[in-house]
1. Leaving out ligands, DNA and RNA, what percent of the accessible area of the stretch 81-195 is carbon and sulfur, probe 1.4 Å?
2. Once the mean 1/r over all distinct Cα pairs of the chain is inverted, what Kirkwood radius in angstroms do you read off?
3. For the chain, report the accessible area per residue in Å² (1.4 Å probe, heavy atoms, rounded to an integer).
4. Out of the total accessible area of the stretch 322-382 (probe 1.4 Å, heavy atoms of protein only), what percent is carbon and sulfur?
5. What are the radius of gyration and Dmax of the stretch 202-357, computed over its Cα atoms and given in Å?
6. Pairs 44/226; 276/335; 100/340; 244/276; 44/244: which are spaced more than 26 Å apart, C-alpha to C-alpha?
7. By the gyration tensor of its Cα atoms, with a ≥ b ≥ c the square roots of the eigenvalues, what is the shape of the stretch 180-260: rounded for a/c under 1.5, prolate for a/b over b/c, or oblate?
8. What does the charge dipole of the chain about its Cα centre add up to, to the nearest 20 debye, if the Cβ of each Lys and Arg holds +1 and the Cβ of each Asp and Glu holds -1?
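The values are calculated or read from the model by the stated rules, or taken from the named source; none is laboratory data. Everything numeric in this text was worked out from a predicted model, so none of it was measured. Virtual Cβ from ideal backbone geometry, glycine too; neighbours counted across all protein chains shown. With ligands, DNA and RNA removed, areas are computed over all heavy atoms of the protein, side chains included. Shrake-Rupley method; radii C 1.70, N 1.55, O 1.52, S 1.80 Å.
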Amino acid sequence: VASALLRDWLRQQPRGAQLGAMSGERHTFETPEIARTKASELAKQWDNLGFQIRPLNGYMKYTWTAGRWDDGVFVPAPYVLLHINSGALHYGISCFEGLKAFACKDGMVRLFNPAANAARMQEGARRLRIPEVPTDMFVKGVTEAVRRNAEFVPPYGHSASMYVRPLLFASGPMLGLAPLAEEFTFLVTVTPAGGYFSKSADEEGLEALVMEEYDRAAPRGTGRVKAAGNYAADMEPLHIAKAKGFGTTLYLDAKEQRYIEEFSVCNFVGVTEDGKYVTPHTESILASTTNRMLQQLARDAGMTVEHRPVDFDAEIASFKEIGMVGTAAVVVRVKSITRKDKVYTTTSFDTLSRLRATLQGIQCGELPDRHGWLVEVCPAVSSSKL
């Protein structure tokens, strides 16, 4: 009977699939058909890419088993084979990063500060009990992913970059939270992208809604690391806010609903009337790598930088500029924040706009990289060769 059932099941599987009912045998899965992006198709879209996934040449994949990471492989398909009881699927044991690569003025492709992202992923790995990815392996992985998809790095002179998404997760099976999985996966995907928000949002600014009935993260929870599950908490609130005509959400601390934490996917940054750069600090805020670099550039420009708790009611009206800061968004103006029946508006974006321009000038090689943030990858692919 079992053999008959097995034969019937096999007949229903995709052509080429093989199932082993006995231990040690294998089942081979076919992927869905892949419609790959062609670089030539993007030639007229570099300034209008939006923020979306495009199937490219493939991704880098590393596997941790028996107490060590392997040497990694390049996978030429946008799929991963995963156990149905993996710790990532059932318990959310997963964290990720976001960084960018740029085609620079001198014709080279460079990553922007990957070591900072490696350090942040290591912090997330410790919190989620995932084996850490060493910095040199992280940098090698993101470098190789970009290099193998180099023709998709937007050419110098366009308002776009290659967005790089490293992902670390428990790929092995787990039933309960202990023992831990015996297999973990680190992979790096890339996609050419424009801004996270629309061009009109970048130019005109967004309107934000303070979410009174939802919390982004709890004190002493996982809010300070880039755990994948953290973003699920914002799904319903964000769509509620958008249905009301707002562009994003703003969260206050879960304990008192008093102190500013974060926008939906970005850090909060404010510039006071007397020119101070202020960004909130609590134990449940994810520290944006872009925010850290902007703070350094603000200090370079002679500004006072304050990284501290920010009392919403007491201070929100004191900011002449407010920005959303993150790798994908860079810096986007927030033109108003609504809390219940009160609306707070900003009057300027000059300071944050200048800091953004400085950051972007460094990223594309137009300004000196005094802090050593850029890491060389490979020569840029000429548009004439696409």
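1. Percent of accessible area from carbon and sulfur atoms in the stretch 81-195: 56.
2. Evaluated over the chain, this radius sits at 22.6 Å.
3. Ligands and nucleic acids excluded, the result is 50 Å² per residue.
4. Looking at the stretch 322-382 in its full context, I get 47 percent from C and S.
5. Computed over the Cα atoms of the stretch 202-357, radius of gyration and Dmax are 14.3, 41 Å.
6. Checking Cα-Cα distances, 44/226; 100/340; 244/276; 44/244 exceed 26 Å.
7. Oblate.
8. 720 debye
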